[in-house]
Structure formats: C-alpha cells, structure tokens
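Read the structure below first, then the notes.
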C-alpha cells in the first residue's frame, strides 16, 4: 500500500469525493518532483550519452617530417626590394586535444565517438611589423560520412594572411602543383609545392593585401610568398 | 509623546518626499560632440587604404564607419541627484591586414572643465592611448598643462606634443587640416610597435605614423 494510504484515521475507501480530490492533488505535488528527477535520470541514461573513446596516439614521424622547422630555429625572408631581411623565430610544440566526430557537431544530440588526438603547431614570429606564419596539423579523424569509415585529411595548413594545404610527406600529392626546382637568391630548391592561397574566414576583404601564392618544400619549409599586390618575399640563406 | 513621535515621522516623510521631488526635478542635459570635431573622422569613401613603409613593404588598413552612442553621468549629494548628463561619444576603429596595427579614435562630449566647447579626444593605437582636449583645430593639454600618453597594461605615462598643421603632404598627396602628435619620452614604451609619431588628417584619419621611433609608414593615395 502506498504511503499516502496508511493514515489510519482516513481510509481512502471511506473518504468523501471532495476529500479524495484534495488527497490526489497533494499526492501529485509530492510525486511531481520525483517524476522530474526520474525522467532526467532516464534521459541521461539513453545510449547516445556513452560515446566510444578513441585514442589516436601520436602523430607518425613521417608526417612530422612534412614541416622541417624545429623549436628555436630562425629563418630569414628577404623582401623583393632587397632592402629588408626579416628574421622569423620558430616556436614549435605538440599538444593533446579532444574532439568529437564530425556528425555530432553537425546533427546529432550526442557524440558517437570522442577522439583524443595530437596537434603539432609551428608559429613563426617576425622581427618586423608584418604577418606571422603558422603551420598546424593533427591526427584527428573526421567522420565525414554517416556510418562511414573515418577519414583523415592528410595535410597540414599553412596560415600567412591567407591559407593553403600542404600534403603530408610520403602521401599522394596529386592535385598539387609541384615544381621540379625553383631558383631563389641564386640557390636551387627541389620538389617545390606551388600553393595557391585561400582567404581565411576572418579575412574576406578581397581588395586588402593578402598572400596569393606560397612556395614550399619538405627540406626548407617556406621558400617564398607572392602577395596579391605583386610584392614578394623569398627565403634568404647566406 | 505619541504625538511627538508621529510628527517626527511626518517630518521624515516630508523630507523623503522632498528628496524624491528634487530628484524628479533634475533635468537631464544632453551634450553633443561639436560639429567641428566630427571632421576628425574618416569619411565613408576613405575607410580602406594602403600604407607603405620606407622599406617598400605595403599593408592594407580597414576602418569602420564612425559610430555615435550616448552614455549617462550624474552627480548627487547624500544620494539626492543634483545633475544628470547624457554625453555623446563618436568612435571609429580599424586595423591592418597583418594584425600588427589597431587604431581607434573616440571623441567624447564631456565638455571638459570650464571650456564648454572642448571635447575629449582619445587616440588608441596598439598599446598607446593619446589623450587631449579638442575643439576643432585647437588642442588642449590636461590641467597640469601636459599632453599625456598612456601605455595599456603598464603604468607608463609619457609626455607628448600635439600641434595643428594647416596642410601636410604624404606620398605626393596634400591633406588639409592635420593633427601632428609626437611622443617626447620615446625610450619609455615597453610594447612592440608602439606609435611614437602620428599624422592624422580631417576626413581621412591616419596618414602617416612611426612605430618604435624607427619605422615610418606612409598612406598611399586611393
């Protein structure tokens, strides 16, 4: 027998209709908060709330080799006027990050997968008031297709008043323009990617000066930048 | 006794009522930025432009349209308001495409001290804040007769000089009505890309600046 019927002085069977009505109202007041708690517990216990955790481990050495800079390196870029040589100091570090599957962010109420992955970030700060150069990549899987096998965009992203993708070392480079060699300041560089820059989202003023093309190889990194107004920056090595 | 207490209560009530009455009687005075000072903001046709430094490096600067807004101020004695004011502020901000220059100008209708026509001028440029009174072509130092520049994030307060030039030529273009600001204590700033000399033209905004007392950038004509 429920607790509200245990009152020995008022047996529900002997109660008047009016008494019974008030009893039910009191009962509802008592039960309603408990029902709320029970429902919230039920919702949190639904199968979507238990994603599969996937540790993607460390970025393979082969991919790390796509960016040749080491922490503390200094490389030099010469402005086309020859009057100016700019030192870029490199800060490179790796960090653990957590991300959800792509579909969760787009459509689903709860993630199917939670990925723990590693990011590699290279920041190059100039000693002159111009733009920074940054290259970043990770081993984060991205499930682009529903129920599909997670795929991984095997490239790094270069940012410098614009952006471009750099294919990973050892991976398929079809779709990229590759020059056999490029002569910069009387030096030859080989297997050079010519990368067209996209305007990044925060930088959509098309008439504003931005990077148009980057030159890059795995051995030296950034070899040159052509700006939208025709100015050029080239790697300077003595 | 009870009657006395009652009359005291009444007195208090009368006082409170009077206070409310006075508070409601305080009129709000509206202060607007002088028309002559509005010329210091860039016109809509001059918001985007290029600056080139002495080494030939170019960069784009993009500014927004000057924006006007109001704030309220007031004075009171024993919680009873004695004066209320609505002050107009006009502000215009911009930055360069390389992320190394942030510039913002604000003119506030505070009508400083006894000079009823003087608005407050603030030029924020990276970590520098140049402050002075302004009335059209006339610039006013603070009460210590000094033009003061502040460095954000530091306790640095530095002297600078300000002058009005009828005209000034940059990259073969002559601008009419130019504000010239020059930091005197150039060795004090702690932050990179600190502007130590600025030329600012009516209807155009920034036309020339020197960063860290060593690199000068010149505005190119559109």
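Go through (1) touching a residue at least 24 places away in the same chain (Cβ under 8 Å); (2) exposed (fewer than 15 other Cβ atoms within 10 Å of the Cβ) for residue B:95 and report which single condition fails.
The single condition residue B:95 does not satisfy is (2).
Which of the residues belonging to region A:70-83 are crowded, with 18+ Cβ neighbours inside 10 Å and within 14 Å of chain B (Cβ to nearest Cβ)? Break it down into steps so the answer makes sense when it comes.
So in region A:70-83, the residues crowded, with 18+ Cβ neighbours inside 10 Å come out as A:75, A:77-79.
Scanning region A:70-83 gives A:77, A:78, A:79.
Would you check which residues across region B:197-217 are modelled with pLDDT of 95 or more, over 26 Å from residue B:36 (Cα atoms) and more than 11 Å from every other protein chain (Cβ to nearest Cβ) and list them?
If the condition is that a residue be modelled with pLDDT of 95 or more, over 26 Å from residue B:36 (Cα atoms) and more than 11 Å from every other protein chain (Cβ to nearest Cβ), then B:210, B:216 are the ones that fit.
So, in region B:193-207, of the ones that are closer than 20 Å to residue A:130 by Cα and in contact (Cβ under 8 Å) with a residue 40 or more places away in the chain, which residue ends up farthest from the chain's Cα centre (by Cα)?
Out of the qualifying residues, it is B:193.
Quick one: residue B:126 ticks every box in (1) modelled with pLDDT under 95; (2) buried (at least 19 other Cβ atoms within 10 Å of the Cβ); (3) at positive phi bar one, so which box is it?
That leaves (1) as the condition not met.
Inspect region B:185-196 for any residue being surrounded by 15 or more Cβ atoms within 10 Å (Cβ to Cβ), at pLDDT 95 or above, away from chain A (no Cβ under 14 Å) and farther than 14 Å from residue B:39 by Cα and give the result as yes or no.
No, every residue in region B:185-196 fails to be surrounded by 15 or more Cβ atoms within 10 Å (Cβ to Cβ), at pLDDT 95 or above, away from chain A (no Cβ under 14 Å) and farther than 14 Å from residue B:39 by Cα.
Yes/no matrix, rows are residues, columns are (1) modelled with pLDDT of 60 or more; (2) surrounded by 14 or more Cβ atoms within 10 Å (Cβ to Cβ); (3) under 30 Å from residue A:235 (Cβ atoms):
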{"residue": "A:21", "(1), (2), (3)": "no, no, no"}
{"residue": "A:60", "(1), (2), (3)": "yes, no, yes"}
{"residue": "A:88", "(1), (2), (3)": "yes, yes, yes"}
{"residue": "A:106", "(1), (2), (3)": "no, no, no"}
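Kindly check whether there is at least one residue in region A:191-198 that is within 14 Å of another protein chain (Cβ to nearest Cβ), over 24 Å from the mean Cα position of the chain (by Cα) and closer than 26 Å to residue B:58 by Cβ.
Taking region A:191-198 first, the residues within 14 Å of another protein chain (Cβ to nearest Cβ) are A:197.
Now restrict to residues that are over 24 Å from the mean Cα position of the chain (by Cα): none.
For region A:191-198, residues within 14 Å of another protein chain (Cβ to nearest Cβ), over 24 Å from the mean Cα position of the chain (by Cα) and closer than 26 Å to residue B:58 by Cβ: absent.
Taking strands (runs of 3 or more DSSP E) that do not extend beyond region B:43-86, which have at least 2 residues that are within 11 Å of chain A (Cβ to nearest Cβ) and surrounded by 13 or more Cβ atoms within 10 Å (Cβ to Cβ)?
Working: elements: B:48-53, B:58-63, B:67-77.
Result: B:48-53, B:58-63.
Tell me which strands (runs of 3 or more DSSP E) are completely within region B:135-202 and hold 3 or more residues being within 21 Å of residue B:46 (Cα to Cα), or say none if there are none. Lay out the reasoning, then the answer.
Details: elements: B:138-140, B:147-151, B:157-170, B:173-183, B:195-201.
Fully inside region B:135-202 and qualifying: B:157-170, B:173-183, B:195-201.
Given the criteria more than 14 Å from chain B (Cβ to nearest Cβ) and modelled with pLDDT under 90, does residue A:144 qualify?
So residue A:144 passes the test.
Please specify each residue of region B:12-42 satisfying the condition of being assigned to a helix (DSSP H, G or I) and modelled with pLDDT of 90 or more.
Listed by number, the residues that qualify are B:35, B:36, B:37, B:38.
For residue B:119, only one of the following conditions fails: (1) at pLDDT below 95; (2) more than 12 Å from the chain's Cα centre (by Cα). What is its number?
(2)
The values are calculated or read from the model by the stated rules, or taken from the named source; none is laboratory data. Here the structure is a predicted model, which is why all the values come from computation and not from measurement. Because the Cβ atoms are built from the backbone with ideal geometry, glycine has one as well, and the counts that use them run over all protein chains shown.
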